[in-house]
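What follows is a set of notes on a single structure, which appears directly below.
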Amino acid sequence: MLLLAGYGVVMMDSRAHGASEGSMATYGWLERNDTRFIVDALESSEYPRHLFALGESMGAGIALQSAAVEPRIEAVVAEASFATFAKLPMTTPASDGIRGSEKRGCHREPGP
């Protein structure tokens, strides 16, 4: 849907999810720095005019925490984020047999 609307889209697998390395997800604490590296790469190769983050569930938490430390992220769409660490589910994607099912990513409007 975003691509059809003319947006460029970058999706990331969080730590310990999908094709990403790592044995433990930190629910945004370390992932926010991963997002910073993605923003750096976009800035150096794609030259986005605007940068937004979109996340669902854990991805929403990562998007919110990323925007808190990355001023180049102008806005966040966060769906069903956790409110506190105490409200996180007590299962992990690996223990549930679910790998990379979270949809999250950053997208940008096309440049000039």
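Computed from the coordinates by the stated procedures, all read-outs in this text should not be read as laboratory data. In this text, all values refer to a predicted model and were calculated from it rather than measured experimentally. All Cβ positions, glycine included, derive from the backbone under ideal geometry; neighbour counts span all protein chains shown.
The table below gives the values:
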quantity: At most 12 other Cβ within 10 Å, DSSP loop - trypsin sites (Lys or Arg not before Pro), the stretch 1-85; calculated: Arg49
quantity: Separation of alpha-carbon centers, the stretch 1-28 and the stretch 31-57, rounded to whole Å; calculated: 11
quantity: J(HN,Hα) series, the stretch 54-67, from Karplus relation 6.51 cos²θ - 1.76 cosθ + 1.60, nearest Hz, glycine and proline x; calculated: 10, x, 10, 6, 4, x, 5, x, 5, 4, 5, 5, 5, 5
quantity: Extension gain, Tyr47 back to Met1 (0.36 nm per residue minus Cα-Cα distance, nm); calculated: 14.4 nm
